[in-house]
Amino acid sequence: MANPIPQEIIISDKPFDLNEFNQLIQANQGESGAAVIFTGAVRVSEEESGLTGMTLEHYPGMTEKQLASIIKEAKSRWHLTRILVAHRVGYLAPGEPIVFVGVCGLHRAEAFQAAQFVMDYLKQKATFWKKEHYAEKSVWVEAKPSDEKAAGRW
Amino acid sequence: MKVTILFFANFKELLDCGSLEYELEEGATLQKLCENLSGKGRQWRAIFGNAPTTVKASINQEMADLQTVLSAGDEVAFFPPVTGG
């Protein structure tokens, strides 16, 4: 039996240590035959008027509750031996990771599906808001209908 | 009765307000609270007027619809659709 990760939710204003997260998910997987890891990062823009950074705001307390509920739902749908969901808040430079989702399952199909489910639900339900910074201005990102569609398929 | 109201993201900026202690009548719904808030000024009306469809709301950190009845001491939050991930 793979040891579950004691703290399955991390919300941090400090840069991620991806090696540490990978290790938590992948070390001594035990009975888990599959680990799937997803990392989302701030895009690096090559244009002159491009993105210079991003600020992520969240609703402390509610965000943790929602992530816990998404993790609970994922565990009820698939046999997951480990899961870790980490999300940055505060200021991020281009290239920095924003979100990390890692899951271990008995087989690859459930690990892939669970990771995608968690990301789709997180984007639709978790109380985070992005503000993009450009050379001349800063703008709050608007929600995309495609994200709603992605969450609706589960 | 008194409730606490929190605002996030561009709502917080537009209203220049992160949180508010607010007095309203017993048995008021979230809809009623939106109507009251829309009377507070131009920016407030822009967000809370006209049956808001782009306003998301939670009560005590659970998503809530506009027909929900509020209770004294509730923590209400208003925010735009989320954009994390």
Peptide B:7-14: average number of partner chain Cβ atoms within 10 Å per residue? 4
Quick one: give the max-minus-min coordinate of the C-alpha atoms of the range A:73-116 along each principal axis, largest first, in Å. 36, 17, 13
Cβ charges +1 (Lys, Arg) and -1 (Asp, Glu), total dipole of chain B, debye: 340
Rounded to the nearest 500 deg cm²/dmol, what is the calculated helix-only ellipticity per residue at 222 nm for chain B, with -39500 (n - 2.57) per DSSP H run of length n ≥ 4? -7000 deg cm²/dmol
Most to least packed among B:55-61, A:121-127 [average Cβ atoms within 10 Å]: A:121-127, B:55-61
Could you tell me which of B:T68, A:L92, A:A34 has its Cα farthest along the dipole of the protein assembly as shown towards the positive end, charges placed at Cβ (Lys, Arg +1; Asp, Glu -1), taken about the Cα centre? A:A34
Could you work out, residue by residue across A:122-132, how many beta carbons of other chains sit within 10 Å of that residue's beta carbon, and then give the average as an integer? 5
As an exercise, use a Förster radius of 25 Å and the Cβ-Cβ distance of A:L18 and A:K137 to find the FRET efficiency, rounded to the nearest 0.05. 0.20
If every Lys and Arg gets +1 and every Asp and Glu gets -1 at its Cβ, then about the Cα centre the protein assembly as shown yields a dipole, in debye to the nearest 20, of 440
Using a 7 Å offset from the Cα along the Cα-to-Cβ direction at both B:K32 and A:A109, what is the distance between the two label points in nm, to one decimal? 5.3
Expressed in angstrom and rounded, the centroid-to-centroid distance over alpha carbons for the range A:17-69 and the range B:15-49 is 35
How do the peptides A:137-147, A:101-111, B:31-41 rank, highest first, by the average count of neighbouring beta carbon atoms within 10 Å per residue? A:101-111, B:31-41, A:137-147
Integer Hz, Karplus 6.51/-1.76/1.60 couplings in order for the range B:76-85, x for Gly and Pro: 9, 10, 10, 7, x, x, 6, 9, x, x
Based on C-alpha coordinates, I'd like the Rg and Dmax of the protein assembly as shown, in Å. 19.7, 60
Within the under-11-Å Cβ sphere about A:A74, not counting A:A74, Lys/Arg +1 and Asp/Glu -1 give a net charge of -1
From the cross-link list A:K144/B:K2; A:K65/B:K56; A:K72/A:K131; A:K130/B:K32; A:K65/B:K2; A:K131/B:K2, the entries with a Cα-Cα span beyond 27 Å are A:K144/B:K2; A:K72/A:K131; A:K130/B:K32; A:K131/B:K2
For A:58-66, A:32-40, B:62-70, ranked highest to lowest by mean beta-carbon neighbours within 10 Å, the order is A:58-66, A:32-40, B:62-70
How far apart, in nm, are the 7 Å Cα→Cβ label points at B:S19 and B:K40? 1.4
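Only the coordinates and a few stated rules stand behind these numbers; no lab work does. Fair warning: this is a prediction, and the values are worked out from it, not measured in the lab. A quick note on method: Cβ atoms are made from the backbone with ideal geometry, for glycine too, and the neighbour counts reach across all protein chains shown.
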